[in-house]
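Q: I'd like to ask some things about the structure below.
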Amino acid sequence: MNILLLGSGGREHALAWKLAASPLVDRLICAPGNAGIAREAECVALDITDHAAVIAFCKANKIDFVVVGPEGPLCAGIVDDLESAGIKTFGPNRLAARLEGSKGFTKDLCRDNNIPTAAYRRFTAAQPAKDYVREMGAPIVVKADGLAAGKGVVVAQTISEANTAIDMMFGGDHDAELVVEQFLAGEEASFFALCDGESAIPLASAQDHKRAFDGDTGPNTGGMGAYSPAPVVTPAIHAKVMREVIQPVLTGMEKDGTPYSGFLYAGLMITREGRVRVEVLDAQGLGPDGDL
């Protein structure tokens, strides 16, 4: 089997390492790859944002299967285009990838399917968002709606800090949207599942070091190192996540006509009372780098 892996980051390096070990793989190519991935696969300078070029490369090189790592191409519909060209591809299509591309979409999905999550509101203008912040008080969480590479979240400790974050996220962009949500206290954890549109196989849990400074202080980052499994995800919590989060997500997506297949990443807050709350759902999130 000839496999093309799309991406150039740490998650793609891990995927390349495991794919290369499979006896089913005859040829493994990664586009664009990196120096580490080059130890496991052939790296090619292919622009993965150019879907026509990717399709042409697959046909020219007799690619049997494409694995998509990054969220950007998924949200841009690379899976839709490859499969329309008759090329088997692993990952969610464009509509399903909205889990990654829009935090507002994810929050609405949780609301509509009784998936536990923090109270929230969506905004397309700064002043109504600031009014909501004043009504709710601080601490409070401000999230840019779209892709932000794990850095589109501000956990504001004061109303002034939240207002500054709102101004920054809109920043004169008339198409911008953000989510303002309730602050949840507890312990964060990441949970991963392999999905086929109807059912899911649970994989590992993990925790990462998300804040920039010691003592969980400073700005939110995309994650700076991680360990797995997460001690807070006990067998009871594991079962609760599958029952209250993962399966309802799949059921809700299928009901809406956008079944989800691929890796599903759930960023969770485990409260002191042992309740599970969804903070983010990521399409093909293969590492704890989502926007919590």
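Q: How much net charge surrounds T49 when only other residues with a Cβ under 13 Å from its Cβ are counted (Lys, Arg +1; Asp, Glu -1)? Mind showing how you got there, number by number?
A: Details: positive: none; negative: D47, D50, E71, D81.
Result for the local shell: -4.
Q: Another question, if that's okay. In the chain, what is the count of Lys pairs whose alpha carbons are under 17 Å apart, counting only pairs at least 8 residues apart or on separate chains?
A: Eligible lysine pairs with Cα atoms under 17 Å apart amount to 10.
Q: If you place +1 on the Cβ of every Lys and Arg, -1 on the Cβ of every Asp and Glu, and leave all else neutral, what size is the dipole of the chain about its Cα centre, to the nearest 20 Debye? The partial results should precede the final answer.
A: Working: 26 positive and 38 negative charges, 88 e Å.
The dipole magnitude comes to about 420 debye.
Q: Using Cα atoms only, what is the angle between the long axis of helix 159-170 and the major principal axis of the chain, expressed in degrees (0 to 90) to the nearest 10?
A: So the inclination is approximately 40 degrees.
Q: Based solely on C-alpha atoms, express the radius of gyration and the Dmax of the range 67-216 in angstrom.
A: Answer for the range 67-216, Rg first and Dmax second: 17.3, 53 Å.
Q: Charges on Cβ only, +1 for Lys and Arg, -1 for Asp and Glu, centred on the Cα centroid of the range 70-126; of L95, Y120, A76, which one is farthest towards the dipole's positive end?
A: Y120
Q: In Å and on Cα atoms, what radius of gyration and Dmax does the range 1-129 show?
A: 17.6, 58
Q: Follow-up. Averaged over every viewing direction, what's the projected area of the C-alpha convex hull for the range 204-263? Give it in nm², one decimal, please. Numbers along the way, then the final one.
A: Details: hull surface 22.6 nm².
Its Cα hull, projected and averaged over all orientations, spans 5.6 nm².
Q: Picking from G146, G69, G225, which is most flexible by a Gaussian network model of the chain using Cα springs under 10 Å?
A: Between G146, G69, G225, it is G225 that shows the largest mean-square fluctuation.
Q: So what's the range 114-156 giving for Cα Rg divided by 2.2 N^0.38 Å, two decimals?
A: Numbers: Rg = 11.3 Å, N = 43, 2.2 N^0.38 = 9.2 Å.
Ratio of Cα Rg to 2.2 N^0.38 Å: 1.23.
Q: Can you give me the solvent accessible area of H209 with a 1.4 Å probe, rounded to the nearest 10 Å²?
A: 100 Å²
Q: Still on this structure, I have one more. Tell me the net charge near C30. Cut-off is 9 Å between Cβ atoms, C30 excluded, with +1 for each Lys or Arg and -1 for each Asp or Glu.
A: On the way: positive: none; negative: E12, E40, E42.
Residues near C30 contribute -3 overall.
Q: For a quick check of understanding: with a 1.4 angstrom probe and all protein chains in place, what accessible area in square angstrom does D256 have, to the nearest ten?
A: In the full protein context, D256 sits at about 90 Å².
Q: Would you work out what percent of the accessible area of the range 4-114, with all protein chains in place, is carbon or sulfur (probe 1.4 Å)?
A: Working: 2630 of 5040 Å².
Carbon with sulfur: 52 percent of the solvent-accessible area.
Q: Name the most mobile residue of R98, R277, R111, meaning the one with the largest mean-square fluctuation, in a Gaussian network model of the chain with Cα contacts below 10 Å.
A: Checking each option, the largest mean-square fluctuation is seen for R111.
Q: Please sort by residue number the chymotrypsin sites (Phe, Trp or Tyr not before Pro) in the range 1-70 whose DSSP state is loop and whose Cβ has at most 13 other Cβ atoms within 10 Å.
A: Values: sites: W17, F57, F65; in loops: none.
Loop-located and lightly packed - none at all.
Q: Let me have the relative contact order for the range 172-265, percent, based on Cα pairs under 8 Å that are six or more residues apart. Intermediate values should be presented prior to the final figure.
A: Working: 114 pairs, mean separation 30.6, N = 94.
Answer for the range 172-265 is 33 percent.
Q: What is the helix-to-structure angle for 103-112, meaning the angle in degrees between its Cα long axis and the longest Cα principal axis of the chain, kept from 0 to 90 and rounded to the nearest 10?
A: The angle comes out at about 80 degrees.
Q: For the chain, what does -39500 (n - 2.57) per DSSP helix run (n ≥ 4), summed and divided by total residues, give at 222 nm, in deg cm²/dmol to the nearest 500? Can you show the working numbers first?
A: On the way: 10 runs with 86 residues, N = 292.
When only DSSP H runs of four or more count, the value is -8000 deg cm²/dmol.
Q: Right, another one. Can you tell me what percent of all Cα-Cα pairs in the range 90-168 are more than 21 Å apart? Please list the in-between numbers first.
A: On the way: 1010 of 3081 pairs.
Summing the P(r) tail past 21 Å for the range 90-168 gives 33 percent.
Q: Taking H placed 1.01 Å from N in the peptide plane, check which residues at least 5 places from G7 or on another chain put their amide H under 5 Å from its amide H.
A: A31, G33
Q: If you count only protein heavy atoms and use a 1.4 Å probe, how large is the accessible surface of S205, to the nearest 10 Å²?
A: Ignoring ligands and nucleic acids, S205 comes out at about 10 Å².
Q: Right, something else. Determine the relative contact order of the chain: mean sequence separation of Cα pairs under 8 Å and six or more apart, normalised by residue count, in whole percent. Walk me through the intermediate numbers first.
A: Values: 629 pairs, mean separation 49.1, N = 292.
RCO, the chain: 17 percent.
Q: Describe numerically, in nm with one decimal, the distance between label points set 7 Å from Cα along Cα→Cβ at K255 and at L203.
A: For the pair K255/L203, the computed spacing is 2.7 nm.
Q: Arrange the residues E273, E254, E100, E177 by how much accessible surface each exposes, largest first, with a 1.4 angstrom probe.
A: Numbers: E273 130, E254 85, E100 25, E177 50 Å².
Listed by decreasing accessible area, they come as E273, E254, E177, E100.
Q: Helix 126-136 versus the longest principal axis of the chain: what angle, 0 to 90°, nearest 10, using Cα atoms?
A: 60 degrees
Q: Mind telling me which of L250, L194, L46 comes out most flexible in a GNM of the chain, alpha-carbon contacts under 10 Å?
A: Maximum among the listed residues: L46.
Q: Going by accessible area, probe 1.4 Å, with all protein chains left in place, what is the ranking of I159, I3, I55, I201, largest first? Numbers along the way, then the final one.
A: On the way: I159 65, I3 5, I55 30, I201 100 Å².
Descending order: I201, I159, I55, I3.
The values are calculated or read from the model by the stated rules, or taken from the named source; none is laboratory data. Keep in mind the model is a prediction, meaning the values are calculated, not measured. Here the Cβ is made from the backbone with ideal geometry for all residues, glycine too, and neighbour counts use every protein chain on show. Ligands, DNA and RNA are stripped out before the accessible areas are found, and what is left, the full protein with its side chains, is counted by its heavy atoms. Shrake-Rupley method; radii C 1.70, N 1.55, O 1.52, S 1.80 Å.
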